[in-house]
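> One structure, pasted below without further comment.
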Amino acid sequence: MNKRVCGIDVSYKTFDVEIMVNGKAVFKKDYTNDLKGQKTLIKKLIKMKTSYVCIEATGNYHLDIALMIDKIKEVKLMVINPRIAHNYSKVLNQKAKTDSEDAHVLAHYAAHMEYFKWQAPDEILFSIRACGRRLSQITKQATQLKNQKHAYEVTKATPKFIITDVELSIYNLENQKTNLIENTLKIISENRKAQQMYDLITGINGFSTKTAIKLIGELAVLDAQMKANELVAHAGLNPTIFTSGKSVNKTSRLSKAGNKYIREALYMSAMQMTYRYKNVAAYYEHMQIDNGLKKRQAICAIMRKMLMAIHGMIRDNVQFNENRFYKIPTNK
């Protein structure tokens with residue numbers, strides 16, 4: 001049997017590819033993880049008449065290329081859990097841990113293991129993600145214009161019509177934002193999963209409708225089997241520790257290599273929660289006094305812990321519980 005399989009190891013900026021024919025590697029290459037790289041790979045898969053593709057689920061990085069491959073009728077796509085890929089590499093006695101070797105493991109998996117079809121997330125969830133990202137863009141534009149208006153008003157040299165023009169732009173953006181939110185809520189109401197997430201997130205004191213829309217769009221399309229710590233890493237909220245060279249003893253900071261939309265959605269809400277929940281306020285204080293964090297770092301710690309809490313809320317379909325978020329010591 002002339003079985004042509006492909007393994008794809010995806011990372012934030014690139015993805016490594018190996019194509020095998022009858023168990024022998026015939027093509028190896030790495031591509032940039034962007035639209036150009038993805039389209040180039042699609043052409044290669046079609047040209048080489050690849051029949052099976054195996055990708056390891058890596059947060060959200062694999063999603064765009066997986067969706068593109070899923071549309072090729074001649075290709076059967078598998079997306080496997082990282083734990084499965086890791087255990088399979090042990091079976092193959094893989095010594096090295098590189099992107100290229102990982103692609104080989106995935107190609108080998110596609111060639112020898114039973115095929116199971118990947119179920120792409122509902123398209124309506126991607127519509128919500130698009131709405132959430134557009135909402136972020138409009139909000140930033142409105143904030144920039146408001147800052148410009150303030151700067152113009154400081155000096156009398158600014159013509160009146162310029163300020164009027166900026167005010168009109170702000171007014172239009174605010175109307176766009178209102179319209180976008182209304183239409184997005186209609187889309188959310190049409191999907192049970194999205195509506196459940198919306199009800200849970202807006203049930204948290206400090207989380208607005210806008211924040212809920214942004215989070216739903218980013219979280220709903222992710223692998224349902226993703227663990228809380230994997231979600232934190234995906235959002236770039238895991239701390240990076242420096243341990244070599246000039247960076248020895250340097251204070252750790254957030255990796256910020258992940259999903260910026262999740263971080264943006266959580267930031268202001270995390271600040272609001274310190275005023276609205278005594279347990280969150282106590283945790284905020286604890287991270288500063290007992291752990292020596294600065295205020296901004298402590299807010300980021302709340303963001304990280306809150307994202308893990310939301311992960312559990314959605315998984316178990318339960319409301320936010322501030323006592324589970326942080327238990328205030330009895331001596332305080």
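Read-outs throughout are calculated quantities, based only on the coordinates presented, and are distinct from any laboratory measurement. Please read these numbers as outputs of a predicted model, since none were measured by experiment. Neighbour counts run over all protein chains shown; Cβ positions are idealised from the backbone, glycine included.
> Using the crude model of +1 on Lys and Arg Cβ and -1 on Asp and Glu Cβ, and no other charge, please compute the dipole size for the chain relative to its Cα centre, in debye to 20. Present the calculation step by step, with values, prior to reporting the outcome.
Values: 52 positive and 30 negative charges, 129 e Å.
Here the chain has a charge dipole of around 620 debye.
> Ranked by Cβ crowding within 10 angstrom, fewest neighbours first, how are HIS86, HIS234, HIS311 ordered? Please report the intermediate quantities before stating the final value.
Values: HIS86 14, HIS234 23, HIS311 19.
Fewest-to-most ranking of HIS86, HIS234, HIS311: HIS86, HIS311, HIS234.
> Run lengths n ≥ 4 of DSSP H only: what is the helix-derived mean residue ellipticity at 222 nm for the chain, with -39500 (n - 2.57) per run over all residues, to the nearest 500? It would help to have the intermediate numbers written out before the result.
Numbers: 13 runs with 191 residues, N = 332.
Mean residue ellipticity, 222 nm, calculated: -18500 deg cm²/dmol.
> Would you order MET308, MET303 from fewest to most other beta-carbon atoms within 10 Å of each residue's own beta-carbon? Each step should come with its number before you reach the end.
Working: MET308 17, MET303 23.
So the ranking, lowest neighbour count to highest, is MET308, MET303.
> Over the chain, what is the mean sequence separation of C-alpha contacts under 8 Å (at least six apart), divided by residue count, expressed as relative contact order in percent?
On the way: 453 pairs, mean separation 45.6, N = 332.
So the answer I get is 14 percent.
> Looking at the chain, identify the longest residue range that excludes and avoids all GluC sites (Glu not before Pro) in DSSP loops having at most 15 other Cβ atoms within 10 Å.
Values: sites that count: GLU74, GLU114, GLU190.
Maximal segment without exposed cleavage sites: 191-332.
> Can you list the lysines whose alpha carbon is less than 25 Å from that of LYS193, not counting same-chain residues fewer than 8 positions off?
Here the lysines satisfying the reach criterion relative to LYS193 are LYS71, LYS117, LYS177, LYS210, LYS214, LYS227, LYS260, LYS305.
> Just want the ordering: ILE170, ILE84, from fewest to most Cβ atoms lying within 10 Å of their own Cβ. Mind dumping the intermediate values first?
Details: ILE170 18, ILE84 14.
Sorted ascending by nearby Cβ count, the order is ILE84, ILE170.
> Same structure again: Can you tell me the Rg and the Dmax, both Å, for the Cα atoms in segment 4-112?
Rg and Dmax of segment 4-112, Cα atoms, are 12.4, 35 Å.
> Distance between Cα centroids, segment 3-51 to segment 84-157: provide it in whole Å.
Result: 19 Å between the Cα centres.
> Any chance you could check the Cα centroid distance between segment 299-313 and segment 173-199 for me, in angstrom?
Computed from Cα coordinates, the inter-centre distance equals 23 Å.
> Please compute the net charge surrounding GLY132, taking Lys and Arg as +1 and Asp and Glu as -1 over other residues with Cβ under 11 Å from its Cβ. Provide the component values of the computation, followed by the final result.
Working: positive: ARG129, ARG133, ARG134, LYS210, LYS214; negative: GLU218, GLU264.
It works out to a net charge of +3.
> GNM on the chain, C-alpha springs below 10 Å: top fluctuator among SER51, SER169, SER89?
Of SER51, SER169, SER89, the Gaussian network model singles out SER169 as fluctuating most.
> Of ALA120, THR40, LEU307, which is farthest on the positive side of the dipole of the chain, counting Cα position, with +1 on Lys and Arg Cβ, -1 on Asp and Glu Cβ, and the Cα centre as origin?
Comparing the listed Cα positions along the dipole, THR40 ranks first.
> A follow-up question, please. Give the residue list of trypsin sites (Lys or Arg not before Pro) in segment 129-212 that are DSSP loop and have at most 13 other beta-carbon atoms within 10 angstrom.
Values: sites: ARG129, ARG133, ARG134, LYS140, LYS146, LYS149, LYS156, LYS160, LYS177, LYS186, ARG192, LYS193, LYS210; in loops: LYS156.
Passing sites in segment 129-212 are LYS156.
> Quick one: what does P(r) look like for the chain with 10 Å bins over all Cα pairs, in whole %?
That works out to 5, 21, 25, 24, 17, 6, 2, 0, 0, in percent per bin.
> Please list, by residue number, every one of the chymotrypsin sites (Phe, Trp or Tyr not before Pro) in segment 115-163 that is coil in DSSP and has at most 15 other beta-carbon atoms within 10 Å.
TYR115, PHE116
> Please figure out what share of the DSSP beta bridges in the chain is antiparallel and state it in percent, rounded to the nearest 5. Walk me through the numbers on the way to the answer.
Details: 17 of 26 bridges.
DSSP beta bridges in the chain are roughly 65 percent antiparallel.
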